[in-house]
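The values are calculated or read from the model by the stated rules, or taken from the named source; none is laboratory data. The structure presented is a predicted model; accordingly, all values stated were derived computationally and were not measured. Cβ atoms come from the backbone with ideal geometry, glycine included; neighbour counts cover every protein chain shown.
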């Protein structure tokens, strides 16, 4: 018991504190993208029981299956709608489940918050699921090329290289057969991830939009203020359009989003 409590005190407390801060309006700006939702549900196959780790406010969580949701942040839990599964307040490692006790496991845009429990948490997903493990994450090598990171926020690109596991690392920890799908981020996605800013530089100036992204939340205020000032200036004088105006013709863009489906 003491060992489990220590796990909560390290990863669980840090992750909860992070999302208690940035997740207050999460259900407003970070709503489900229908294309990504359909891909996730398809990847779950015919699984009847699913554990959703880092479940947050419930985006992308199926309503037609028996779901066990695990989430450390009370702020995120409070935003879950009444039709979603009840939540266990906890972290990714150890999961309170026996080996192969659920049909599938899912972790959607969360593994980069698992800090020192990253590898063991991913291995826990594989341990408890007898069927597919579905992970949505970012390939930091790709996301670093987006104008926001490459032109304005290299600090975040550098941080992402340390907190996002590579696709190869995830595949190794999961074992078995791992399929990787590139998920394009549409211009009109209702899920305002930092990747969605590719088509909306004005969101950099929107405090609510910034605050709902962990990327900006992890940056020092001096860095955020610098980026806001630089983007504001470049939008006003046309510099942003000169460099990135071609993006306005694209309906969707590869901002680095990846869907991994691991089979035993």
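When both residues are 6+ apart or on different chains and their Cβ atoms are under 7 Å apart, which pairs have a first residue that lies in the stretch 176-187 and is on the phi > 0 side of the Ramachandran plot and buried (at least 18 other Cβ atoms within 10 Å of the Cβ), and a second that is modelled with pLDDT of 95 or more and not in a loop (DSSP other than H, G, I, E, B)?
So the pair list comes out empty.
Identify, please: which residue in the stretch 126-140 is over 16 Å from the mean Cα position of the chain (by Cα) and not in a loop (DSSP other than H, G, I, E, B) and is, among those, surrounded by the most Cβ atoms within 10 Å (Cβ to Cβ)?
Taking the stretch 126-140 and keeping what is over 16 Å from the mean Cα position of the chain (by Cα), we get 126-132.
From what's left, not in a loop (DSSP other than H, G, I, E, B): 126-129.
Numbers: 126: 18, 127: 19, 128: 22, 129: 28.
That would be 129.
State which residue is surrounded by the fewest Cβ atoms within 10 Å (Cβ to Cβ) when the search covers only the stretch 47-87 and only residues that are more than 17 Å from the chain's Cα centre (by Cα) and either closer than 17 Å to residue 122 by Cα or free of Cβ contacts under 8 Å to residues at least 12 places away in the same chain (or both).
82
Do you know which residues across the stretch 87-102 are closer than 15 Å to residue 66 by Cβ and part of a loop (DSSP other than H, G, I, E, B)? Steps first, answer last, please.
Let us first name the residues in the stretch 87-102 that are closer than 15 Å to residue 66 by Cβ, namely 87-88, 97, 101-102.
Across the stretch 87-102, the qualifying residues are 97, 101.
Tell me, yes or no, whether the stretch 233-254 has at least one residue that is within 22 Å of residue 56 (Cβ to Cβ) and loosely packed, with under 13 Cβ neighbours inside 10 Å.
No, there is no match, as no residue in the stretch 233-254 is within 22 Å of residue 56 (Cβ to Cβ) and loosely packed, with under 13 Cβ neighbours inside 10 Å.
Here is a check on your reading of the model: is residue 164 without any contact (Cβ under 8 Å) to a residue 60 or more places away in the chain and out of contact with any strand residue (DSSP E or B) (no Cβ under 9 Å at 6 or more places or on another chain)? I'd like the intermediate steps shown before the answer.
Working: without any contact (Cβ under 8 Å) to a residue 60 or more places away in the chain: yes; out of contact with any strand residue (DSSP E or B) (no Cβ under 9 Å at 6 or more places or on another chain): no.
No: the conditions fail for residue 164.
Which of the residues belonging to the stretch 181-194 are within 14 Å of the chain's Cα centre (by Cα) and closer than 13 Å to residue 259 by Cβ? Write out each step before concluding.
Pass one, the stretch 181-194, residues within 14 Å of the chain's Cα centre (by Cα): 183, 185, 191-194.
Across the stretch 181-194, the qualifying residues are 183, 185.
Considering only the stretch 195-214, state which residues are within 22 Å of residue 137 (Cβ to Cβ), touching a residue at least 60 places away in the same chain (Cβ under 8 Å) and either surrounded by fewer than 19 Cβ atoms within 10 Å (Cβ to Cβ) or out of contact with any strand residue (DSSP E or B) (no Cβ under 7 Å at 6 or more places or on another chain) (or both). Lay out the reasoning, then the answer.
Within the stretch 195-214, the first condition is being within 22 Å of residue 137 (Cβ to Cβ), and the residues that meet it are 195-200, 203, 209-214.
Applying the additional criterion that residues be touching a residue at least 60 places away in the same chain (Cβ under 8 Å) yields 195, 209, 211-214.
Of everything in the stretch 195-214, those that are within 22 Å of residue 137 (Cβ to Cβ), touching a residue at least 60 places away in the same chain (Cβ under 8 Å) and either surrounded by fewer than 19 Cβ atoms within 10 Å (Cβ to Cβ) or out of contact with any strand residue (DSSP E or B) (no Cβ under 7 Å at 6 or more places or on another chain) (or both) turn out to be 209, 211, 213, 214.
Could you tell me which numbered condition residue 42 fails, if it satisfies all but one of (1) closer than 18 Å to residue 262 by Cβ; (2) touching a strand residue (DSSP E or B) at 6+ places or on another chain (Cβ under 8 Å); (3) part of a helix (DSSP H, G or I)?
In the conditions (1) closer than 18 Å to residue 262 by Cβ; (2) touching a strand residue (DSSP E or B) at 6+ places or on another chain (Cβ under 8 Å); (3) part of a helix (DSSP H, G or I), residue 42 misses (2) alone.
Condition first: crowded, with 21+ Cβ neighbours inside 10 Å and touching a helix residue (DSSP H, G or I) at 6+ places or on another chain (Cβ under 7 Å). Now tell me which residues in the stretch 109-119 satisfy that.
Restricting attention to the stretch 109-119, the residues satisfying the condition of being crowded, with 21+ Cβ neighbours inside 10 Å are 109-111, 113-114, 117-118.
If the condition is that a residue be crowded, with 21+ Cβ neighbours inside 10 Å and touching a helix residue (DSSP H, G or I) at 6+ places or on another chain (Cβ under 7 Å), then 111, 113, 114, 117, 118 are the ones that fit.
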